Each structure stands twice: as C-alpha cells, then as structure tokens.
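Remarks on the structure that follows.
None of the figures in this text is laboratory data; all of them are computed from the coordinates on show. Keep in mind it's a predicted model, so treat the numbers as computed, not measured. For neighbour counting, all protein chains shown are included, and Cβ atoms are generated from backbone atoms with ideal geometry for every residue, glycine included.
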Amino acid sequence: MMERLESWKLALERLRSAQRADWAEAGRLVAEIVRMSTDTMLRQAAEQALPVLRQVVDNDDHSVALAAQRRIGVVLDVVHDLTAPRFGRRNAAPKKLSTEDRARKVLGLPLAVQLTCEDINQAYRRAAKGMHPDRGGSAQAFIDLAAARDVLIHPGAHKDA
C-alpha cells in the first residue's frame, strides 16, 4: 500500500507543478485513488475532487481550473499525511489510566491539576444534573458518577484496577 501511496504522491505532485495541467490524466488518477484506496480520508478527498476534475476537462473557465487545482492540493495533502514518517512507538497500546484518572475523566476534571473537595463536588453536581435517572439519565451512569466522586474524595481507600 505504501508503494501505491508513493506513486500517487509523485503523480499528484507532477500534475500540480505542471505548467498546463492535464486534467484528463488528473481525473483518471483521482478515480483510481477512489477505487483502490483503503484510507477513508483519502477516498473522501478524492471523491470530492472527482466532479470538479471532470468539469474542468471541457471547460476553459479559469475559476473552475483554480477549484480543480485546490482539490488536487487537498488530495495531495492527505497523501502527504499518510506517507509522512511516524515517530515514537508504533502500534503501542494507549497508556492505561489509573482509577483516579478514570474518575477525573468521568467527572470532566483535568488530569494533572491539584483538586479540592469543593472542585470535586462542583464537578459532580454539574455532571449529575444531566445523568440523574429522574432527568432521563441512566441509573448505572449515575452510580458510576457517584463512585468516581468517592474515588477522588477518598483516594487512598480505592486500589488501582
């Protein structure tokens, strides 16, 4: 797949930098990307570019040519993102959150800030208004909310799961 992306990237760059663009060739290339790409973002960008590229083939209007050029640029940007080198640990599982961090996320609180009991209770009340079973919320979600507040108010009483 990476080889195909590289060849598309070269072809798109060639088309974009040409003095007089071959719009029929650009249309064929973008149609190939629509058919063969497995990446949804790339396929979507190519699908959006295709009608403009078909329109510019038989049209001498400069504004249509500019729109086609912009669409080619969008497709090229997506291809650049897909072929750019990735740094860091590839395919690494996301770091597992601690019990306290999960509780902070449930209450909508920042992860790295010192909290007072009042901050925790205010966040609990704010979240409880929408999640209370009498207000159309789920009973289990409300129980989870209360448990998250307890974890943050009494941090030593709960072990990491």
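Annotations for the structure displayed:
- Amide hydrogen neighbours beyond the local backbone of HIS132, cut-off 5 Å, H modeled: GLY137
- Calculated P(r) tail over 17 Å for the stretch 11-64, as whole % of Cα pairs: 36
- Rounded to whole numbers, the Karplus 3J(HN,Hα) couplings from phi for the stretch 61-67 are 5, 5, 5, 5, 5, 5, 4 Hz, using 6.51 cos²θ - 1.76 cosθ + 1.60 with θ = phi - 60°, and x at Gly and Pro.
- Among residues other than VAL75 with Cβ under 12 Å from its Cβ, the summed charge is -1 (Lys and Arg +1, Asp and Glu -1).
- Likely footprinting exposure, THR116, THR83, fewest C-beta neighbours within 10 Å first: THR116, THR83
- Estimated 222 nm signal from helices in the chain, with DSSP H stretches of n ≥ 4 weighted -39500 (n - 2.57), rounded to 500: -22500 deg cm²/dmol
- Stretchable slack from ARG86 to ARG135, in nm (0.36 nm times residue separation minus alpha-carbon distance): 13.1 nm
- Estimated Rh, the stretch 12-131: Kirkwood, alpha-carbon pairs, angstrom: 18.5
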